[in-house]
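For reference, the structure discussed in these notes is given below.
The values are calculated or read from the model by the stated rules, or taken from the named source; none is laboratory data. Small disclaimer: the values here were computed from a predicted structure and weren't measured. Cβ atoms come from the backbone with ideal geometry, glycine included; neighbour counts cover every protein chain shown. Heads up: the accessible areas ignore ligands, DNA and RNA and are worked out on the full protein's heavy atoms, side chains in. Shrake-Rupley method; radii C 1.70, N 1.55, O 1.52, S 1.80 Å.
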Amino acid sequence: NKFISNKSKLYLEYKNFFFNKGIELIQIPENTTWNYWMISIKMESKKDRDIFLRESHKDGILTRPIWTLMHKLPMYKKCFRDQQTNSSFLEDRIINLVSTVNI
């Protein structure tokens, strides 16, 4: 419980930090109990995502893009899939933030 409480506090700190900065913090889905495992933001474009990643890394903050879509991995390249339009859109814009907390 303490771990989840600390992660929740971190999420609220991010929420306050990004408020009115033009960067969308991914919201907690309604009617859910969330474990705050991944705290993420969504940028306006891939270009904005890449700038944010570069600048945060330059400042010593380890952020990362959301995972590569599975159909792009060598072992899944020939698997059946649709166009993955929404997934591709989000892959270009989502950044996972540092979400480690002390217990």
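What's the longest uninterrupted piece of the chain once you rule out the chymotrypsin sites (Phe, Trp or Tyr not before Pro) that are loop residues per DSSP with at most 15 other Cβ within 10 Å? Working shown, then result.
Numbers: sites that count: Phe19, Trp34, Trp37, Trp67, Phe80.
The longest uninterrupted stretch comes out as 38-66.
Note that the range 1-74 presents 75 Å² accessible area per residue, ligands and nucleic acids not counted, probe 1.4 Å.
Within straight-line reach of Lys7, meaning a Cα separation under 20 Å, sit the following aspartates and glutamates at least 8 residues removed in sequence or on another chain: Glu24, Glu30. Modelled spin-label separation between Ile4 and Thr32, with each label point placed 7 Å from Cα along the Cα-to-Cβ direction: 1.4 nm. Of the residues Asp92, Asp48, Asp82, the one that moves most in a GNM of the chain with alpha-carbon contacts below 10 Å is Asp82. Starting from the range 5-103, pick out the trypsin sites (Lys or Arg not before Pro) whose DSSP state is loop and whose Cβ has at most 13 other Cβ atoms within 10 Å. Sites meeting the loop and neighbour criteria: Lys21, Lys77, Lys78, Arg81.
I'd like to know how the range 1-97 sits against the 2.2 N^0.38 Å rule of thumb: what's its Cα Rg over that expected value? Let's see the in-between values first.
On the way: Rg = 15.4 Å, N = 97, 2.2 N^0.38 = 12.5 Å.
Against the compact-globule rule of thumb, the ratio is 1.23.
Just checking the listed ones, Asn35, Asn16, Asn86: in the Gaussian network model of the chain with Cα springs under 10 Å, the one fluctuating most is Asn86.
In a Gaussian network model over the chain where Cα atoms closer than 10 Å are linked, find which of Ser87, Ser56, Ser45 has the largest mean-square fluctuation. Sorting by GNM fluctuation, first place goes to Ser87. Straight distance only, please: which aspartates and glutamates reach the Cα of Lys21 with their own Cα at less than 19 Å, same-chain residues fewer than 8 apart left out? Of all the aspartates and glutamates, those that pass the test against Lys21 - Cα under 19 Å, at least 8 places apart if same chain - are Glu13, Glu44, Asp48, Asp50, Glu55, Asp59. Longest stretch of the chain clear of exposed loop sites (GluC sites (Glu not before Pro), DSSP loop, at most 15 other Cβ atoms within 10 Å, sites excluded): 45-103.
In whole percent, and with a 1.4 Å probe on the protein chains, what portion of the accessible area of the range 1-100 is carbon and sulfur?
Numbers: 4230 of 7540 Å².
Ligands and nucleic acids excluded, carbon and sulfur reach 56 percent.
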